[in-house]
1. Do you know which residues across the stretch 642-663 are open to solvent by less than 50 Å² (accessible area, probe 1.4 Å) and more than 25 Å from Lys716 (Cβ to Cβ)?
2. Give Ile284, Ile295 a once-over and let me know the one that is open to solvent by less than 70 Å² (accessible area, probe 1.4 Å), at negative phi, β-branched (Val, Ile, Thr) and under 35 Å from the mean Cα position of the chain (by Cα).
3. Can you find, within the stretch 481-530, the residue that is modelled with the highest pLDDT among those that are open to solvent by 10 Å² or more (accessible area, probe 1.4 Å) and among the polar types (S, T, N, Q)?
4. Which condition breaks for Val219 when tested against (1) open to solvent by 10 Å² or more (accessible area, probe 1.4 Å); (2) closer than 24 Å to Thr499 by Cβ; (3) not in a helix (DSSP H, G or I)?
5. Have a look at Leu335, Leu375 and point out the one that is open to solvent by 80 Å² or more (accessible area, probe 1.4 Å) and of a type in the set (A, V, I, L, M, F, W, C).
6. May I ask you to list pairs of residues, at least six apart or on different chains, whose Cβ atoms are under 7 Å apart, with the first in the stretch 818-840 being free of Cβ contacts under 8 Å to residues at least 24 places away in the same chain and the second being of a type outside the set (Gly, Ala, Ser) and surrounded by fewer than 21 Cβ atoms within 10 Å (Cβ to Cβ)?
7. Got a number for residues in the stretch 355-372 being open to solvent by less than 70 Å² (accessible area, probe 1.4 Å) and more than 27 Å from Arg316 (Cα to Cα)?
Amino acid sequence: MELYFLALLILLMALALGSGYPVAFALPGSAILTIGIAAGAGYLFAGNPDAYFHQGGPSQWLSAGVTNLRGVYWEVERDTLIAIPLFIFMGIMLQRSKIAEDLLMTMAQLFGPIPGGLGISVVFVGALLAATTGILGATVVAMGLISLPAMLRNGYSKPLATGTIAAAGTLGQIIPPSIVLIILADQLSSAVDQAGTTRQMLFKSATGQISMPSELGVVSTSAGEMFLGAFVPGLVLVGLYMAYVLTLAVIRPSAAPSVPREGAFDVSFVIRVFITLVPPLALIFLVLGSIIGGIATVNQAGAIGAAGALLMAGYRLREGSRGAYVPAIIGLIGLAGIAYTLSSHPVNIKSIATEQDVYYFRMALFFTGFILVALAWSGWRTYRFNNTLNEVMIDTAKTTSLVFIILMGAAMLTAAFRAFGGEDFVREYLNSLPGGFWSQFIIVMAVIFFLGFFLDFIEIAVVVVPIVSPILLADPSANITAVWLGVMIGLNIQTSFLTPPFGFALFYLRGVAPPEVKTLDIYKGVVPFIFLQLVALAIAGNYPSLVNYLPNRVNLLSETSPPPRNPKLQYCLEKYVAGEFAQKGPAIQQAIEKARALDLGGLPKPFTARVTRSFEKAAAAPGLLAAAFEAEKAVEAKSDAFRPLHDEVRNIQKEIRELEADIARAETTVSRMRGEDAEARRAPLEQRIEAWKADIKAAEARIPANWTETSTAFNKLTQAERDARRAYQQAADQGYEPVRELIKVLADTKQMITLEADLNAMEEKIVTGETEAVADALQDLGRSFGQVEGADDIRSALNKARRAIKGRSDQKTRAIAELNEAKKIFAEQMVWRKPAVQNLLPELEQYELTIRDTIGARQQQRLTEAQALSIAACSAGHRDVSLSF
């Protein structure tokens with residue numbers, strides 16, 4: 001029965017949307033009506049309002065929708081949505097202030113003289129507007145009003161002109177900053193949690209182990225990572241558009257003729273190009289550059305974009321009048337001053353300690369005042385000039401409200417969809433498809449492509465993505481990242497906006513096109529660009545590194561990058577180290593042999609033993625790493641033969657799990673049945689349960705007889721690889737850590753010597769000083785020795801002396817005895833420390849520097865730039881991990 005109500009839910013939603021009912025109310029209304037009808041039917045026909053729900057009851061699923069709404073607004077972790085109104089404000093302000101129009105006019109004059117130059121300028125400006133406004137309808141309309149008449153007047157073919165404008169206008173859906181990417185990132189962050197739980201259950205059912213290695217987990221995403229991931233595919237798409245226009249102009253000059261500029265390319269034109277082009281480019285650089293550089297979060301970058309748009313509107317609206325650029329100049333002075341201040345001295349109000357800190361803080365505050373004055377002045381101008389600020393704020397509030405109301409309605413609809421087993425139905429359908437992940441992925445992308453004819457990107461992102469993305473992300477055979485999936489969906493949604501007969505961009509352009517442009521011209525014009533978008537989609541699908549590399553690179557080079565010991569980094573880090581061993585192996589072995597020849601006899605025995613053993617481990621590390629990769633090759637050699645059997649058995653086991661789930665649901669339904677006819681209604685379900693149990697036995701019988709033997713043999717190979725990698729990691733850690741510790745001990749000797757005078761003067765303080773003052777002095781001295789590597793015994797003796805002083809009775813004698821013990825340890829350490837500093841420390845430091853980036857790579861606080869770049873490239877692809885499940 002659940003499927004009937006699921007169909008009713010979809011039918012009600014389709015009817016509401018098809019009748020033109022507002023989406024914001026059609027989505028939750030369909031959900032509430034369907035849940036209410038199902039509850040009423042259950043009460044009337046089964047005596048239980050919960051009877052026709054997949055799980056739970058109407059109150060549970062209505063509250064689940066409310067919980068989803070609360071998650072959108074009140075969860076601190078989901079503050080990414082704050083960026084939406086900021087970027088909307090930025091886009092509308094740039095649109096209303098005519099900056100987009102200036103870009104189109106100036107670029108058309110700049111590129112016009114080359115073949116297809118006017119079309120290339122439209123694509124170029126479309127990309128710039130995409131990176132500043134990101135609003136599809138406004139961009140297409142603006143470019144259609146400004147560029148289309150100019151292109152037709154200069155002899156461009158109608159299909160090419162309309163196709164170029166429509167395609168360039170949709171770039172805002174994929175080129176960051178994009179509202180599509182922000183919403184997709186928000187939806188995918190929840191999907192990652194569900195996919196991670198599913199993969200954990202799959203790992204447990206397949207291996208019997210409770211905990212799954214973190215390197216097998218699902219890789220999450222954020223809005224910033226989505227921006228970074230979409231950046232390169234967006235540029236690829238722009239390049240394809242430009243190449244098409246240029247190629248067509250060369251092959252058919254009559255379709256895209258060059259347009260000579262009226263007037264000379266003089267200084268005034270250069271200045272105009274500079275003033276028109278540089279500010280938007282600078283704003284793009286500040287917004288995207290701050291995210292890519294890890295300087296700002298997406299929300300902070302959105303604030304930067306909104307402020308920059310306000311400054312640009314402040315001078316554009318007063319262009320030609322006296323003092324038009326004064327607020328912008330003041331803002332630039334403030335930015336330059338803050339940049340100079342931060343480059344001269346770190347500014348942090350929480351860590352002000354010196355007069356210099358106060359001075360630079362005041363300087364930063366002073367220049368911040370310049371920016372505030374510039375923003376207030378620009379804001380006043382936009383408020384006074386044609387009421388621009390008021391209208392922009394109203395439009396921003398309307399658009400933002402539309403986005404968030406749709407988000408809320410979609411949360412209700414998703415809850416209802418799950419209430420009637422829709423998620424399980426979709427999962428079972430996708431999992432039943434032959435061809436594994438890629439067949440599932442193609443079906444999902446085809447559905448999204450089709451829905452793009454009728455629904456806006458927001459509805460697709462918040463209705464479809466939460467349902468299908470957990471299924472795709474959980475599949476270990478593809479092991480895709482959430483960033484890649486989000487970018488692929490974004491590219492797909494963009495493609496659907498161009499597709500006849502229902503593409504939104506086509507409707508926008510048709511509304512502003514002159515009468516001589518027929519609808520058929522628009523349809524013909526977009527077909528090549530649809531093909532180019534599909535090419536870009538295929539490129540991003542076949543080369544996931546185009547999407548994943550930049551987010552990986554920024555993450556690994558940032559201040560918050562994971563340490564080299566992070567389990568997810570080990571495979572790629574070991575590949576980097578293996579490459580370094582191949583290039584620098586002789587030099588490393590020579591350094592190890594030279595270190596072995598050092599005379600360690602003057603060191604304490606524990607140091608001598610550990611350091612000597614570390615040389616042996618370091619010498620063995622390259623061979624152990626080579627053995628690990630040989631073990632990997634052995635696994636790969638058997639993988640192709642084992643995979644068909646593995647997939648066959650796992651599919652049978654999945655079938656068994658689904659039957660067991662069906663049995664559990666049916667037994668729950670049976671237990672809920674009440675009324676006089678309950679016994680009669682139970683009988684068919686009980687018969688079905690018995691049939692399912694028989695199906696389980698039949699499925700178990702289909703498992704090949706050689707499964708246990710073959711899987712055991714393959715698991716031994718994989719276990720051998722894991723053991724080999726563990727052996728290398730232990731050897732590398734033990735081959736580096738003792739040397740690093742000894743270097744720290746010897747390097748701190750100078751600091752320890754500076755404490756000798758205080759240590760010798762402490763006895764007199766104990767004898768003559770006040771108890772509290774002496775205790776404090778002993779505590780301070782103990783802390784100072786605590787900062788010296790290898791001086792813990794001295795600190796311990798001083799702490800014992802302090803406790804003796806603070807005892808109930810006067811125990812100065814005991815305190816002095818503990819102090820003498822500290823002096824004795826100090827003297828003993830000086831006996832071996834001073835010669836070792838002179839004779840051993842330089843050699844050990846040179847040795848440590850030689851092995852630091854290879855044998856000692858795991859022990860560093862952060863990755864080096866070379867390591868980070870290598871790991872970013874290595875992990876940018878998708879690695880099949882299905883045989884681990």
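The values are calculated or read from the model by the stated rules, or taken from the named source; none is laboratory data. Given the structure is predicted, the values throughout are model-derived calculations rather than measurements. No Cβ is skipped: glycine too gets one built from the backbone with ideal geometry, and neighbour counts run over all protein chains shown. For the accessible areas, the whole protein counts, side chains as well, though only heavy atoms, and no ligand, DNA or RNA atoms are used. Shrake-Rupley method; radii C 1.70, N 1.55, O 1.52, S 1.80 Å.
1. Ile656, Leu659, Ala661, Asp662, Ile663
2. Only one candidate passes the filter, namely Ile284.
3. Thr481
4. (2)
5. Of Leu335, Leu375, the one residue that is open to solvent by 80 Å² or more (accessible area, probe 1.4 Å) and of a type in the set (A, V, I, L, M, F, W, C) is Leu335.
6. Glu818/Lys800
7. Matching residues across the stretch 355-372 total 6.
Residue by residue, here is whether (1) within 34 Å of the chain's Cα centre (by Cα); (2) surrounded by fewer than 16 Cβ atoms within 10 Å (Cβ to Cβ); (3) farther than 30 Å from Thr712 by Cβ holds:
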residue: Tyr543; (1), (2), (3): yes, no, yes
residue: Glu574; (1), (2), (3): yes, no, no
residue: Ala597; (1), (2), (3): no, yes, yes
residue: Leu603; (1), (2), (3): no, no, yes
residue: Pro606; (1), (2), (3): no, yes, yes
residue: Asp640; (1), (2), (3): yes, yes, no
